[in-house]
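The values are calculated or read from the model by the stated rules, or taken from the named source; none is laboratory data. Just so you know, these numbers come straight off a predicted model, no measurement behind them. Ideal geometry is used to build each Cβ from the backbone, glycine not excepted, and the neighbour counts take in all protein chains shown.
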Amino acid sequence: MTKPSVFISYSRRDAELGQRVEIALRHLGLEALNPERELGPGEDWRKSIQSAIKRSDVVITLASTPQSLRSWTSYEAGVAAALGKRVILLIPSKYPVTELPAEFASTQIVEFDPQAPERAAHDIASRLAVV
């Protein structure tokens, strides 16, 4: 069985948190695609992101606050939706759904504790039937 591949979308502000989730997902057997690590000098950033999203099975959009979703994460979630990819939103439970931007209204949500993002990774892996 091929392990699912995930594209993790997060703003620069959430980079440390996103990297912790990425590492935890890898430890749980998922392939985490990160175009930032694969991007060569002079390469087109948008094409690299689109290519990684196309190769992914699911896109995880991580936001420490609803305002974090107003960055590249919105663009990446839009690309995923246009490609028919499953999108899962990771957001702390202290934010009500009504605070999310409208484009995330129908997105599957996984609430998480920013102090323990590894638990969120485990929840995602379970939803993808990896663990």
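Tabulated data for the structure shown
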quantity	calculated
Candidate set: segment 6-40, residues that are surrounded by fewer than 19 Cβ atoms within 10 Å (Cβ to Cβ) and touching a Lys or Arg at 6+ places or on another chain (Cβ under 6 Å); chosen: the one farthest from His122 (Cα to Cα)	Glu31
Subset of segment 31-60 that is more than 13 Å from the chain's Cα centre (by Cα) and outside any helix (DSSP H, G or I) - its residue that is modelled with the highest pLDDT	Asp44
Residue within segment 103-124 that is touching a Leu at 6+ places or on another chain (Cβ under 8 Å), among the polar types (S, T, N, Q) and part of a helix (DSSP H, G or I) present	no
Pick from segment 62-119, criterion touching a strand residue (DSSP E or B) at 6+ places or on another chain (Cβ under 6 Å) and basic (Lys, Arg), ranking: nearest to Ser51 (Cα to Cα)	Lys85
Leu89, sole failed condition from (1) assigned to a strand (DSSP E or B); (2) of a type outside the set (D, E, K, R); (3) touching a residue at least 40 places away in the same chain (Cβ under 8 Å)	(3)
Residue list for segment 92-122, filter: surrounded by 15 or more Cβ atoms within 10 Å (Cβ to Cβ) and either free of Cβ contacts under 8 Å to residues at least 24 places away in the same chain or on the phi > 0 side of the Ramachandran plot (or both)	Ile109, Val110, Phe112
Given (1) outside any loop (DSSP other than H, G, I, E, B); (2) out of contact with any helix residue (DSSP H, G or I) (no Cβ under 9 Å at 6 or more places or on another chain); (3) more than 26 Å from Phe112 (Cα to Cα), number of the condition Thr2 does not satisfy	(1)
